[in-house]
Amino acid sequence: MGFDRREFIKIAGLSALAGLGSRAAFELLGPGELEATSVSYAAKESALTAKRWAMVIDMGKCLPEAGCKDCMERCHRIHNVPDFGNPKDEIKWIWKEAFAHAFPEQESEYLAEHLHHEPFVVLCNHCAHPPCVRVCPTKATFKRKQDGIVTMDMHRCIGCRFCMAGCPYGSRSFNWRDPRGKNAQGEPFLKEINQEYPTRNKGVVEKCNFCVERLAEGKIPACVEACRHGALVFGDVADEHSEVRQILREHYTIRRKPELGTDPSVFYIV
Amino acid sequence: MLEKALRGSRGYWLWIALLLGIIGVGFLFYLQQLRDGLTITGMGRDVSWGFYVAQFTYLVGVAASAVMLVMPYYLHDYKTFGKIVILGEFLAVSAVSMCVLFIFVDLGQPFRVMNVVLHPTPNSVMFWDMIVLSGYFLLNIIIGWATLGAERKGVQPAGWVKPLIYLSIPWAVSIHTVTAFLYAGLPGRHLWLTAIMAARFLASAFASGPALLIILCLIVRRVSRFDPGKEAIQTLAKIVAYAMITNVFFLLLEFFTAFYSGIPGHMHSLQYLFFGLDGHGKLVPFMWTFVVLAAVGIALLLVPKWRRQENLLAAAAAAVVVSTWIDKGMGLVVGGFIPNPFERVVEYAPTGAELLITLGVWAIGFLILTILYKVAVGVKEETAA
């Protein structure tokens with residue numbers, strides 16, 4: 001199997017061409033798929049900071065307002081969460097689940113009557129020991145050292161969805177289709193686009209980020225701000241003088257699936 | 001040696017053309033998936049891994065099973081396997097290639113796949129899976145090629161091949177152990193959260209891989225002048241029999257733990273798979289097919305009188321391949337997501353496009369396998385002549 005220099009150069013050249021050409025072919029297949037410009041949230045002086053951000057959800061205040069969706073609508077609007085109109089592809093950052101589904105292991109036929117029907121607000125728990133961060137093969141999902149928020153670099157995510165298998169709370173959503181696209185009737189999945197926050201590519205995972213972009217500007221999370229009933233309280237659970245600590249001291253609270261060792265940062269007063 | 005794959009009968013070229021046709025169809029549907037996203041599959045927010053990842057899991061097992069030939073031959077000097085050990089190694093090469101492709105087609109952002117290398121993350125099991133799979137691929141192609149080349153020249157393989165062969169033995173165990181750890185370390189997925197996951201994976205691997213190899217040996221004997229040997233095939237059959245029994249035994253252990261303890265989370269996925277849950281039971285017929293085929297396969301392989309009849313042996317091997325594929329290539333991955341973290345049952349079924357892409361990847365694997373086997377068989381025929 002002789003193999004002279006001329007032949008080698010010929011093969012090497014051809015393989016290089018094939019390599020370059022395939023890249024170009026992929027560009028042709030997905031034209032104009034520019035990535036969202038990366039927005040950096042440099043902390044301003046007015047930025048809100050904490051050692052460990054946490055949320056207390058007072059169901060006593062939330063439950064009587066069963067039809068209210070203020071927190072969800074505000075969150076999904078400012079974060080450009082698309083509405084695909086089907087449960088299979090659905091993306092959600094904050095939504096409602098019945099008690100039996102949010103706390104399946106606590107479910108009992110003899111539970112207080114109001115808990116049977118009323119929906120609970122659920123979102124990412126920003127766990128102190130997040131399985132999604134543990135399993136991510138690219139560190140696209142990470143926990144911020146400074147304040148414990150579990151957030152994402154959607155430009156790094158390869159869309160393997162290991163985090164979705166890892167998350168025991170169903171808090172992660174994958175862009176099964178292009179959120180910037182349109183449905184069969186020509187209506188865009190994003191009714192309006194908030195220019196302050198990036199839209200996403202198809203093929204990446206996303207979830208609640210505890211509004212890191214707003215905290216950097218000194219604003220509390222959108223859902224907390226949107227709640228007219230004061231049911232959502234946000235604060236530093238590591239600071240014993242904080243409002244959330246005050247509430248946790250005075251009320252019996254539960255968390256979702258604490259037995260899994262994830263140490264969730266979202267507490268519920270039932 | 002590769003030139004041997006360029007000369008073949010009419011049947012050989014027809015088979016290659018068929019595979020290329022299937023690959024072409026799969027590729028077209030993959031282009032559709034690239035354009036429209038993974039929405040064209042049956043996967044969704046609740047069952048977020050499906051057919052692709054299931055094939056990946058199954059094929060890691062097929063790849064690992066090469067060790068069932070390498071170990072007896074090289075460690076225990078079981079000479080009967082001398083003729084077919086190369087078939088096991090090349091099967092591993094083709095299986096690992098399919099594994100990599102199945103992960104690739106499952107990615108939402110496939111062009112970012114190198115991020116796994118650019119941002120190495122040792123706390124992710126997927127990072128380790130990448131390392132062990134690529135290492136195993138290299139080990140088998142290098143060992144296979146080097147030993148085959150030496151055989152052709154009628155000399156002993158180079159000295160550096162032996163250490164690689166010994167390394168490939170624990171390495172084979174590692175690929176399936178690490179793949180099991182992808183699942184077994186996730187809190188809240190009860191079906192997967194079991195300490196015997198890696199053991200189950202290995203048991204089913206050592207049944208499915210050698211069973212596939214039996215079928216391949218029978219085909220090779222029919223289409224070429226190379227005879228893998230009756231005794232080698234019979235030994236493979238015994239390996240399959242006992243591995244399959246172990247595999248079923250391990251599954252029964254899961255049933256005991258779940259149903260005797262009565263812990264709902266542990267029972268739910270098994271209930272869904274085998275009996276249906278909350279009125280949903282799409283996979284129930286498949287899982288019972290698995291049960292029946294596993295029983296038939298074991299019976300045919302265990303009784304010497306039946307095992308020695310080669311048409312019954314082929315049927316038994318096929319039964320084992322199909323049953324392990326249903327169990328691991330479908331039930332295990334999909335079942336792990338049902339019920340979802342909210343204890344709701346959301347079912348999954350692959351779409352046509354998903355099936356055709358899957359078929360395309362299998363065809364690529366069989367193309368690689370065909371070429372490698374053509375080379376190996378060509379060398380064997382040449383040295384025998």
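Since every read-out is calculated from the coordinates, none of them should be taken as a lab result. Keep in mind the model is a prediction, meaning the values are calculated, not measured. As a convention, Cβ positions derive from the backbone with ideal geometry for all residues, glycine included, and neighbour counts pool all protein chains shown.
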Practice problem: Give me D for the range B:14-160 in µm² s⁻¹, whole number, from Stokes-Einstein with Rh from the Kirkwood sum over alpha-carbon pairs, 4 °C and 1.567 mPa s. | Solution: 73 µm²/s
Quiz prompt | Signed unit charges on C-beta, dipole axis of the range B:48-207, positive-most listed residue B:MET114, B:SER124, B:LEU148 | solution = B:LEU148
Quiz item: Check A:GLY159: other-chain or 5+ apart residues with amide H under 5 Å from its amide H, H built from backbone geometry?
Solution: A:VAL205, B:GLY108, B:GLN109
Exercise. For the range B:1-47, give the magnitude of the charge dipole about the Cα centre (Cβ charges: +1 Lys/Arg, -1 Asp/Glu; no others), in debye to the nearest 20.
Key: 220 debye
Quiz item: Amide H to amide H under 5 Å from A:ASN183: which residues, 5+ apart in sequence or cross-chain, H placed 1.01 Å off N in plane?
Solution: A:PHE189
Quiz item: Computed on alpha carbon atoms, what radius of gyration and Dmax characterise the range A:185-228, expressed in Å?
Solution: 13.2, 40
Quiz item: Which helices of chain B meet both criteria: a Cα extent of 18 Å or more along the helical axis and a mean Kyte-Doolittle score no lower than 0.0, with helices taken as whole DSSP H segments?
Solution: B:10-36, B:51-64, B:85-106, B:125-153, B:161-184, B:197-223, B:230-261, B:284-302, B:310-326, B:352-384
Quiz item: Charges only on Cβ, +1 for Lys and Arg, -1 for Asp and Glu: so what's the dipole of chain B about the Cα centre, in debye to the nearest 20?
Solution: 1020 debye
Self-check item: For the range A:189-194, 3J(HN,Hα) per residue [Karplus equation, 6.51 cos²θ - 1.76 cosθ + 1.60, θ = phi - 60°, Hz, x = Gly/Pro]
Solution: 5, 9, 4, 9, 10, 7
Exercise. Figure the gain on full extension for A:GLU107 and A:LYS69 (residue separation times 0.36 nm, minus the Cα-Cα span) and round it to one decimal in nm.
Key: 11.2 nm
Quiz prompt | Spin-label model distance (nm) - B:LYS162 vs B:ILE219, 7 Å beyond Cα toward Cβ | solution = 3.6 nm
Practice problem: Report, in whole Å, the centroid distance computed from the Cα atoms of the range A:100-142 and the range B:166-216. | Solution: 30 Å
Practice problem: Could you work out, for the range B:104-144, what percent of all Cα-Cα pairs fall into each 5 Å distance bin, beginning at 0 Å and stopping at the bin that holds the largest distance? | Solution: 5, 20, 22, 25, 16, 10, 3
Quiz item: Which distance in nm do the two modelled labels at B:THR257 and B:ALA5 give, with both placed 7 Å along the Cα-to-Cβ direction?
Solution: 4.2 nm
Quiz item: Can you give me the pair-distance distribution of the range A:158-207, C-alpha pairs, 10 Å bins, whole percents?
Solution: 23, 44, 28, 4
Quiz item: Dividing the Cα radius of gyration by the Kirkwood radius, what Rg/Rh value follows for the range B:2-384?
Solution: 0.96
Exercise. Return, ordered by residue number, the residues of the range A:113-129 whose backbone nitrogen is under 13 Å from a label point located 7 Å along Cα→Cβ of A:ARG255.
Key: A:125-129
Exercise. Over all directions, average the projected area of the Cα convex hull of the protein assembly as shown and note it in nm².
Key: 33.3 nm²
Practice problem: Could you work out the local net charge near A:ILE269, counting Lys and Arg as +1, Asp and Glu as -1, over the other residues with Cβ closer than 10 Å to its Cβ? | Solution: -1
Quiz item: Using +1 on the beta carbon of Lys and Arg, -1 on that of Asp and Glu, and nothing else charged, what's the dipole of the protein assembly as shown about the Cα centre, debye to 20?
Solution: 2260 debye
Quiz item: In nm, to one decimal, how far is the modelled label at B:VAL292 from the one at B:ALA385, with both set 7 Å along Cα→Cβ?
Solution: 4.7 nm
Quiz item: Of B:TRP362, B:LEU301, B:THR351, which is farthest on the positive side of the dipole of the range B:301-385, counting Cα position, with +1 on Lys and Arg Cβ, -1 on Asp and Glu Cβ, and the Cα centre as origin?
Solution: B:LEU301
Quiz item: To one decimal place, what orientation-averaged projected area in nm² is obtained for the convex hull of the Cα set of the range B:106-261?
Solution: 13.4 nm²
Self-check item: Rel. contact order, % - alpha carbon contacts under 8 angstrom, at least six apart, the range A:103-170
Solution: 28 percent
Quiz item: Using only Cα atoms, what Kirkwood radius does the range A:53-269 have, in angstroms?
Solution: 18.1 Å
Self-check item: Between the range B:318-347 and the range A:191-243, the alpha-carbon center distance in angstrom
Solution: 37 Å
Quiz item: Remind me, relative contact order of chain B in percent, using alpha carbon pairs under 8 angstrom and six or more residues apart?
Solution: 30 percent
